[in-house]
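Engineer: What follows is a single structure, and I will ask about it in a moment.
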Amino acid sequence: MLKDAKIYIAGHRGMVGSAIVRNLREKGYVNLITRTHAELDLLDQAAVFAFLREVKPEYIFIAAAKVGGIHANNVYRGQFVYENLTMQNNLLHGAYLAGVERLCFLGSSCIYPRDCAQPIKEEYLLTGPLEQTNEPYAIAKIAGIKMCESYNRQYHTRYVSAMPTNLYGPNDNYDLKTSHVLPALIRKVHLAKLGMAGDIAAIVRDEKTYGVIPDEILHKLGCERDDQQNIEASDNYKAELQLSVWGTGTPMREFLYVDDMADACVFMMENDIDEGFFNIGTGTDVTIRQLVAAIMEVVGFKGEIVFDATKPDGTPRKLLDVSLMAQRGWRAKTPSLERGIALAYDSFQRAVIQ
């Protein structure tokens, strides 16, 4: 890509989109195009088509998506399939109509069958049933991959798809109702630390920044709400030393720092990888129990972990085979999961409203 190439990043305020913007700027790209939701509703087909015809970007990164953890995916199933299909259809077809030849579509490793052989190769797509808790989201992403493939074949576009493993990092979603496992755990462990320290003011600031703290968690922090719904210490203040985590702790997950994901996407555009879909990850995984222990170490919380086996585990294991990207010369740069968690936690703390 030329440094003055016109590049549109859809979803630039999200975790992935903002990381792509950071990566492009660090590499000297100067002609970046972004639009907020207020400026451009990606669910509005006419508006998206008109925008792309007018701007005519040379490259597009589709990082806009409706995302969430197990709870959000399972509860808002219709919303997840409709909004993701609509946004990606508008952007992909709009790009074709506007003459955009180069595009990177961001998917997810949940596209693969629930009981895949491990590590998961790209060729395993559509070889078995999906995990039911996130099936609508997965189907939308599979449709996006196939749309890119089909447009390349019929219209001779050069659309590529990137399938990342579980992502985390700056600008992540820490709302406990909708967040993924790693950011949710960072916030829960952080709150547990504040509760043990009796820092009610910091707990209030956390809620102001990252969303409502469920009453169940507040009680464990030794807090309650007054008549005006303000957080205060309970009459008999006592924070629990236990941290409750969904599931058994045995599922294995792979995690990728989001700046590595962004680097992979830009790498594909810079190195003319312009068809097919590629797994993006580290090639290593940990159990949820190990993940919790790593987060507790970074945050500095010394309490006990209690796993709630009545809550769903999700897919038993999900480790990506990343050999195709390695063969093309790309590997993740963040040295360890612990280092990535430390970077994410630092960003989490700096964003808290004072």
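Engineer: Add -39500 (n - 2.57) for each DSSP H run of 4 or more in the chain, then divide by its residues: what number comes out at 222 nm, to the nearest 500 deg cm²/dmol?
Structural biologist: Value at 222 nm, helices only: -13000 deg cm²/dmol.
Engineer: Once the Cβ-Cβ distance between E54 and S347 is put in as r, and R0 is 35 Å, what FRET efficiency do you end up with, to the nearest 0.05?
Structural biologist: The computed FRET efficiency comes out at 0.50.
Engineer: Separate question: Could you work out the mean projected area of the convex hull around the alpha carbons of region 172-269, in square nanometres to one decimal?
Structural biologist: 8.2
Engineer: Round to the nearest 0.05 the FRET efficiency obtained for K146 and Q118 when R0 = 25 Å and r is the Cβ-Cβ distance.
Structural biologist: Numbers: r = 24 Å, r/R0 = 0.96.
For R0 = 25 Å, the calculated efficiency reads 0.55.
Engineer: Helix 135-155 versus the longest principal axis of the chain: what is the Cα-based angle in degrees, 0 to 90, to the nearest 10?
Structural biologist: 20
Engineer: Kirkwood hydrodynamic radius (Cα pairs, Å) of region 144-208?
Structural biologist: Kirkwood hydrodynamic radius for region 144-208: 15.0 Å.
Engineer: In whole angstrom, and with the biggest value first, how far do the Cα coordinates of region 1-59 range along each principal axis?
Structural biologist: 33, 24, 12
Engineer: Regarding region 259-354, what whole-number volume in Å³ per residue does the convex hull of its Cα atoms give?
Structural biologist: Here the figure is 156 Å³ per residue.
Engineer: Between Rg and the Kirkwood Rh of region 100-256, both from Cα atoms, what is the Rg to Rh ratio?
Structural biologist: Ratio of gyration radius to Kirkwood radius for region 100-256: 1.13.
Engineer: Here's a follow-up. Applying 1/(1 + (r/R0)^6) with R0 = 35 Å to the Cβ-Cβ distance of H156 and V75, what FRET efficiency is obtained, to the nearest 0.05?
Structural biologist: About 0.30, to the nearest 0.05.
Engineer: Between E39 and R339, what length comes free when the chain is fully extended (0.36 nm per residue of separation minus the Cα-Cα distance, one decimal in nm)?
Structural biologist: 104.4 nm
Engineer: If exposed means no more than 11 neighbouring beta carbons inside 10 Å and the site is in a DSSP loop, what's the longest run of the chain without any exposed trypsin sites (Lys or Arg not before Pro)?
Structural biologist: 4-301
Engineer: What is the Cα radius of gyration of the chain over 2.2 N^0.38 Å, N being its residue count?
Structural biologist: 1.02
Engineer: If you average over every viewing direction, what projected area does the convex hull of the Cα atoms of region 1-100 give, in nm²?
Structural biologist: Result: a mean projected hull area of 6.5 nm².
Engineer: Out of the DSSP beta bridges found with both residues in the chain, what percent are antiparallel (nearest 5)?
Structural biologist: 15
Each value in this text was obtained by applying a stated rule to the coordinates, not by laboratory testing. Bear in mind that the values here come from a model prediction, so they are computed numbers and not experimental data. We place every Cβ from the backbone using ideal geometry, glycine too, and count neighbours over all the protein chains shown.
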